[in-house]
Every structure is written in C-alpha cells, then in structure tokens.
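Nothing in this text is a laboratory measurement; each read-out follows from the coordinates by a stated rule. Since the model is a prediction, treat every value here as computed from it, not as a measurement. Counting neighbours? That spans all protein chains shown, and the Cβs are built from the backbone with ideal geometry, glycine included.
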Amino acid sequence: MSFTSAIIVAGGKGLRMKSNIPKQFLEINGLPILFYSALVFDSVDEINEILIVIPESLKDFCGEKIKNINFKKKCKLVTGGIERQDSVRNGLVAIDPESFKVLIHDAVRPFVKKDEIVSIINELDFYDGVILGLPVVETIKKTDSSKIINETIPRNNIFLAQTPQGFRVSVLKKVHEWALEDGLAATDDSALLENFGFQVKILEGRRENIKITTPADLEFVNKLI
C-alpha cells in the first residue's frame, strides 16, 4: 500500500466569523474544530501521517492541545503562509519523502466521512487528482458589478467543490512549483492541476460536509455534534 499523507489546512483568519480567534480554533464540546477534522483522518487505516498547517502565532497553543489528544498516526505541526496556497505548499515541503498520495482538507470541515477519504485514496490509483463536490441544484445567475443579472448559467454538470481533495504527490508538488514561478493564484489545489492540463476526477459529496464560515454555520454544527 502506498504511503499517504493528509494535510489539514488551518491557517485562515476566519474574518466572516467575527471572532477574536480564528474559526478553526473555536471549540465545540471543549475541542477545537480543526481536531474534529484531524481525528477523522486519524481513524482511516490508509492514512500514514497527518500534518496540521497553522499560523506561527498559534503553534504553542495548538501543540498544547495535541498533547491531550490520543492520535494514532504521526501528527506534525507546520507553519502556514500568507495565503492558503502558501500554506499547502509549506505542508507539501514537510510531508514524508516516501509519500505517494496526499489529501488536502479544510480544517473547518469536521463532518467528512471515512468512506469519502478512502474513496479518494482508491481513485488516485487511476487519476492525478480526485476531489469531492456537490452537484448544483439551484439556478445559477451571473451578474455585473451592480448586481444586474447578465447571464443564467446552465447547472448541468456544475459542482460546488469540497474537500478533501486528493492528489499524487509528485503532480501536486510540480503544479505548485509552476504556479509559484508564474505568479498563479488559485482558491483550491484542483484548479492548479486544471490550469496545467491535468485531469481531475470529481466524486459526489454530501451537504453535511459543511465548511464552517459564519456564526450561523457554527450554530448548525453545534446542533449536529
């Protein structure tokens, strides 16, 4: 079985949460949200190591929290960058040299399921990239800067991207290097592969795999947990 790493990206500021601490460190039942996400990966046999990418200023805080959690896998803290793309790149530098597959996951998606993680890992035997996504069921409107509608976009084959997003390590490292050289910025790692001509497979995700962004999201998550 090939060596597989999981990078939990927890470097965001969470400005829309309107909290004085980053949203990934807000606690539910005494446990920061990011650890709910990390513990799902820790429960997957196919995962060999977990890297949590966090702001430098929160490394001590996070390190103290890790001491109280019984991780079965090797768990490493990595300093994040200015943007999400920088943080993922820092995580890639720190993964085990033997790693062949890597999954990138938003720390604030605590409801990912084990079978979704395993499905992505298995599909990476056939594709350079595999991600989760939700089929769009609402009508999509495109507007101008004044919020005047100028196009209705057909929703057939349109997906909302989620994480985890899985990749072959060699490919993801390569596209990150190319993006850095070209000054290319993307909001997720799949977009980097797409930009450089690699094919990415999408697996249907679940609405419950919510990304916690606003206080309303946090209230919903508290009820679920």
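For the chain, with only Lys/Arg (+1) and Asp/Glu (-1) charged at the beta-carbon, what is the dipole magnitude about the Cα centre, in debye rounded to 20? Before the final figure, lay out each step's value.
Values: 29 positive and 31 negative charges, 125 e Å.
The calculation lands at about 600 debye.
With θ set to phi - 60°, apply the Karplus curve 6.51 cos²θ - 1.76 cosθ + 1.60 along segment 198-215 and write out the HN-Hα couplings as whole Hz, x wherever there is a Gly or Pro.
8, 8, 10, 8, 10, 10, 5, x, 10, 5, 5, 7, 6, 9, 6, 10, 10, x
Out of L180, L92, L203, any idea which swings most in a Gaussian network model of the chain, alpha carbons joined below 10 Å?
L180
List, in the order given, every pair from K59/K201; K147/K201; K65/K174; K101/K211; K23/K67; K147/K223 whose Cα-Cα distance in the structure shown is over 29 Å. Present the calculation step by step, with values, prior to reporting the outcome.
Numbers: K59/K201 34 Å; K147/K201 33 Å; K65/K174 33 Å; K101/K211 23 Å; K23/K67 21 Å; K147/K223 34 Å.
As for pairs spanning more than 29 Å Cα to Cα, those are K59/K201; K147/K201; K65/K174; K147/K223.
Taking the chain as a Gaussian network, Cα atoms linked when under 10 Å apart, which of V44, V169, V102 shows the biggest mean-square fluctuation?
Taking springs between Cα atoms under 10 Å, the residue moving most is V44.
Apply the Karplus curve 6.51 cos²θ - 1.76 cosθ + 1.60, θ = phi - 60°, to the phi angles in segment 34-49 and return the couplings in whole Hz, x for Gly and Pro.
Once rounded to whole Hz, the list reads 4, 6, 4, 5, 5, 5, 5, 5, 5, 8, 8, 4, 6, 8, 9, 8.
When Lys and Arg each count +1 and Asp and Glu each count -1, what net charge do the other residues less than 12 Å away from V200, Cβ to Cβ, add up to? Don't jump to the answer; show the numbers that get you there.
Numbers: positive: R168, K201; negative: E123, D128, D188, D189, E194.
Spelling it out: positives minus negatives among the neighbours equals -3.
Are there chymotrypsin sites (Phe, Trp or Tyr not before Pro) in segment 155-225 that DSSP marks as loop and that have at most 14 other Cβ atoms within 10 Å, and which are they?
Values: sites: F159, F167, W178, F196, F198, F220; in loops: F196, F198.
Those that pass, being in a loop and sparsely packed, are F196.
Specify which residue in the list A6, T163, S57 is farthest towards the positive end of the charge dipole of the chain, using unit charges on the beta carbon of Lys, Arg (+1) and Asp, Glu (-1), about the Cα centre.
Result: S57, furthest along the dipole toward the positive end.
So how many Å³ per residue does the convex hull of the Cα atoms of segment 4-224 work out to? If you can, show how the numbers build up before the last one.
Details: hull volume 32.2 nm³, N = 221.
Here the figure is 146 Å³ per residue.
Would you pull out the residues with amide H under 5 Å of I210's amide H, same chain only if 5 or more places away, H placed 1.01 Å from N?
Excluding prolines and chain starts, which carry no amide H, the hits are F111.
Scan around V78 for amide H atoms under 5 Å from its own, H built in the peptide plane at 1.01 Å from N, and keep only partners 5 or more places away or cross-chain.
For V78, whose amide H was placed from the backbone, the distant partners under 5 Å are I52, V53, I54.
Rounded to the nearest 500 deg cm²/dmol, what is the calculated helix-only ellipticity per residue at 222 nm for the chain, with -39500 (n - 2.57) per DSSP H run of length n ≥ 4? Intermediate values should be presented prior to the final figure.
Details: 7 runs with 71 residues, N = 225.
The per-residue figure over the chain is -9500 deg cm²/dmol.
Using +1 at the C-beta of Lys and Arg and -1 at the C-beta of Asp and Glu, which of L124, V175, L218 has the Cα lying farthest in the positive direction of the dipole of segment 4-224?
L218
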